[in-house]
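In what follows, a structure is listed as structure tokens, so that the remarks can point back to it.
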Amino acid sequence: MAEKIVKIGTCAFCGQTKTIEAVGDLTQAELDAIATDRCICSGAQSALRKKARKAKIDEFIKKKFITPEMVGFMQNVIRFVEDGTFEDATIKLYGSKTVKIWMDADSFLHIRIKRTEDDELKA
Ligand SMILES: [Zn+2]
């Protein structure tokens, strides 16, 4: 069994150091990343929220778009909408589906997938 070793990591934002019980070998960059995740300073908290938000967006995109190419494409479009390169984006998909991506006044990202046709079967 690997021995637990106490090491030091440094928050990337405020420089506070944290002791980390590490199992196995961790690089200093990994220790610093752990220290940053555990820090309560505003920089670290904001980075954590950003990370959680990105994970939430990625989860949604991966659920809605199956192929890795489509997921990558949507992630790029989202990035351009977030950084203001695109004011918004509307993409017409197969089956009368439309994807609209925009940022609202409070800096929330919206992704709306709309179908203009009902699913209907006549048998
Ligand atoms: Zn910090």
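Values in this text are rule-based calculations from the coordinates and carry no lab data. Since we're looking at a predicted model, the values are computed, not measured. Here the Cβ positions follow ideal geometry from the backbone for every residue, glycine too, while neighbour counts run over all protein chains shown.
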Two pseudo-spin positions, 7 Å from Cα along C-beta at residue 106 and at residue 50, lie apart in nanometres by 2.1 nm
Relative contact order as a percentage, segment 52-115, C-alpha pairs under 8 Å and 6+ apart, gives 19 percent
Summing -39500 (n - 2.57) over every DSSP H run of at least 4 in the chain, dividing by its residue total and rounding to the nearest 500, the 222 nm mean residue ellipticity is -13500 deg cm²/dmol
Candidate cut points under chymotrypsin sites (Phe, Trp or Tyr not before Pro) in segment 87-119, DSSP loop plus at most 16 other Cβ atoms within 10 Å of their own Cβ, are 94, 108
The long-range amide H neighbours of residue 7, using H built 1.01 Å from N in the peptide plane and a cut-off of under 5 Å, are 20, 21, 22
Taking the reciprocal of mean 1/r across every pair of different Cα atoms in segment 1-96, the Kirkwood radius in Å is 16.3 Å
Env charge @ residue 13, Cβ radius under 14 Å, K,R +1 / D,E -1, value +3
Per residue, the convex hull enclosing the alpha carbons of segment 52-115 has a volume in Å³ of 84 Å³
With +1 on the Cβ of every Lys and Arg and -1 on the Cβ of every Asp and Glu, the dipole magnitude of segment 32-123 about its Cα centre, in debye rounded to the nearest 20, is 240 debye
With DSSP loop assignment and no more than 11 other C-beta atoms within 10 Å, the GluC sites (Glu not before Pro) in segment 51-123 are 87, 117, 120
Quick calc, segment 1-80, dipole around Cα centre from Cβ unit charges on Lys, Arg (+) and Asp, Glu (-), nearest 20 debye, gives 540 debye
Expected sort for 74, 103 with the fewest Cβ neighbours (10 Å cutoff) up front is 103, 74
Flagged as over-length at 19 Å C-alpha distance, from 4/51; 63/114; 64/92, the pairs are 4/51
Contact order relative to length for the chain, counting C-alpha pairs under 8 Å separated by 6 or more residues, stands in percent at 13 percent
Computed over the chain: longest principal axis from alpha-carbon atoms vs helix 68-82 long axis, angle to nearest 10 degrees, is 80 degrees
Longest principal axis of the chain (C-alpha) makes with the long axis of helix 28-38 (C-alpha) an angle, in degrees to the nearest 10, of 70 degrees
Rounded to the nearest Å, the spacing of the alpha-carbon centers of segment 67-93 and segment 5-56 is 30 Å
For segment 1-42, the Cα-Cα pair-distance distribution in 10 Å bins from 0, as whole percents, is 34, 49, 15, 2
Computed ³J(HN,Hα) along segment 117-123: with the Karplus parameters 6.51/-1.76/1.60, θ = phi - 60°, integer Hz and x for glycine or proline, the list is 10, 7, 6, 9, 10, 10, 10
